[in-house]
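First comes the structure, then the notes that go with it.
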Amino acid sequence: MEKWSLMTLTVLLALTVRWAVSLGSYSGAGKPPMYGDYEAQRHWQEITYNLPIRQWYFNTSDNNLLYWGLDYPPLTAYHSFVCAYIAKLINPDWVALHTSRGYESQPHKLFMRTTVFVADLLVYIPAVILYCFSLKETSAKKKASTCALCILLYPGLILIDHGHFQYPLSLGLALWAVLCLSHDWDLLGSMAFCLALNYKQMELYHSLPFFCYLLGKCFKKGLKGKGWALLGSFPWALLGSFPWALLGSFPWALLDIIITDCLFILFQDKVANIWCSLSVLIKIKNVISPRTQLKLSFAVTFLSLLPACIKLTVQPSLRGFKFALVSCALSFFLFSFQVHEKSILLVSVPVCLIINEIPFMATWFLLVSTFSLLPLLLKDELLLPYAVTTPAFLAVCLASFSILEKTSAEDLQLKAFSLSLKGYVSWFKSFPRIVRSLFLLSLALMAVLSVLSAAVPPPRRLPDLFPLAVAVVSCLHFLLFLLYFNVVILWDSKNRGQKKIS
């Protein structure tokens, strides 16, 4: 009972923080003509409730795709319809066709905020709780609750979902998929991941680790026996979780969405990926054609995620799978052709899953990922929630894991790598002190840039100075993190704590 009491207090605290953040502003409030992501979600409710299914994804007189056209897969549309049905019962004006555009009122804000709160409570938070209880490393009563507290207080997700305005369903479903695979419920895990992909196409960031891990398990079990039976059952899991049959011509519309969304936009705003950072020195768009950019980004992305995928296929383990989720998602974020700053959450949530294994590096990464969102948070007037939740998260991680004491090569999962360098790198003995110094320097740099971005007007000739500085600094961090995660994956030969696949 004690462990459940601690977990209940943890959840109550996490819910309180979420509700406090939701009391503030949201994306696009009072900013016509497009408003923001809040209006996009409201508009999708308007469209799905008032128009027949066959018109949801197509441009018509009643559905102008230039005004927040529905550009996510069908599960998002179904979710919007359910929310719209409830909204209609409360106040028909909230989803009235055409006349509800840009609708803003306190009751409607309360309703919309509550829908995010409920989605978090029903999908994301239960997955986090069950995941923390399932960890062998967190079998002690206190450990599970402290691990859950750190994950649930990650400020990036809270600020985007409950501040900016976004639903946590795709990430929550992906978490359920990881939880299922950790219990060897491979078909249920496959179905859960397909549902996540069916909610938001950017879950493709996680698709290769799922594929390689399950394929590797099939090879391990033997393709003439259990492995072949497992491999043959996956298509049925996919068919069971994709409701294409109910959607008529939706697959073609969605193919167009994915092509448009993922291939023909380089990056949005000042994003902490390699192409945006390089554009500070070289105007890439003026040097090479869009088609060449596409080929180059595909090649670099593929090469950067290939080592982790090969290792996971050859040596499938749950631990390797979780690290590969981080590495592959980070490769996509850094090098892919289309990137939104919020896509860093697709990396951050897998990092949350390994915070118990590498608390120091996971905490550092999660702080940087939140910092990388700063320009968007300032735009949405979320400076105060950012300034409160980020130091609070750091304090919780310091108290829960004593992260500054977890900087040895063994703590950082780099012992095998350090042994391979023994005799070649003389400074490796002072590695913990160097890492702690870099961490403190990083915190100081992020704090200074945060203050400058919020309080100091940029020079007239350089209006984007601070957003670009945030993007470049974050990108440099992410490149070093990508190198680190790949080193951990490639030098991990023990697969500690993993059940034997047979």
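Read-outs throughout are calculated quantities, based only on the coordinates presented, and are distinct from any laboratory measurement. Being a predicted model, the structure only gives us computed values, none of them experimental. Counting neighbours? That spans all protein chains shown, and the Cβs are built from the backbone with ideal geometry, glycine included.
In Å, what Rg and Dmax follow from the Cα atoms of segment 377-423?
Final numbers for Rg and Dmax: 17.4, 52 Å.
Hey, with R₀ at 35 Å, roughly what FRET efficiency would LEU89 and VAL388 work out to, going by the Cβ-Cβ distance, to 0.05?
0.50
Give me the extension gain from LEU404 to THR60: residue separation times 0.36 nm, minus the current Cα-Cα distance, reported in nm with one decimal. Working shown, then result.
Numbers: separation 344, 0.36 × 344 = 123.84 nm, distance 5.76 nm.
Extra length available between LEU404 and THR60 comes to 118.1 nm.
Treating each Cα of segment 56-116 as an identical point scatterer and ignoring solvent, apply the Debye formula and state log10 I(q)/I(0) at q = 0.14, 0.20 Å⁻¹.
So the normalised log intensities are -0.43, -0.89.
On the principal axes of its Cα set, how long, how wide and how thick is segment 295-397? Give whole Å, largest value first.
Extents along the principal axes, in whole Å: 46, 35, 13.
Please find the FRET efficiency linking ALA96 to LEU438, where r is the Cβ-Cβ separation and R0 is fixed at 41 Å, and quote it to the nearest 0.05.
Efficiency, from the Cβ-Cβ distance: 0.15.
Modelled label-to-label distance, GLN293 and ARG460, 7 Å Cα→beta-carbon offset: nm?
A separation of 3.1 nm, rounded to one decimal place.
Work out the FRET efficiency for ILE53 and LEU23 from their Cβ-Cβ distance, taking R0 = 35 Å, and round it to the nearest 0.05.
Calculated transfer efficiency: 0.45.
Beyond a 31 Å Cα-Cα separation, which of these cross-linked pairs lie in this structure: LYS200/LYS295; LYS109/LYS322; LYS283/LYS406?
LYS109/LYS322; LYS283/LYS406
Can you give the Rg/Rh ratio of segment 62-198, where Rg is from the C-alpha atoms and Rh is the Kirkwood radius?
Result: Rg/Rh = 1.05.
Given 0.36 nm per residue, what is the gain on full extension from LEU476 to TYR67 after removing their alpha carbon distance, in nm? Please list the in-between numbers first.
Numbers: separation 409, 0.36 × 409 = 147.24 nm, distance 3.54 nm.
Fully extending the segment from LEU476 to TYR67 adds 143.7 nm.
Give me the aspartates and glutamates in straight-line cross-link reach of LYS311: C-alpha distance below 12 Å, same-chain residues under 8 apart excluded.
ASP492
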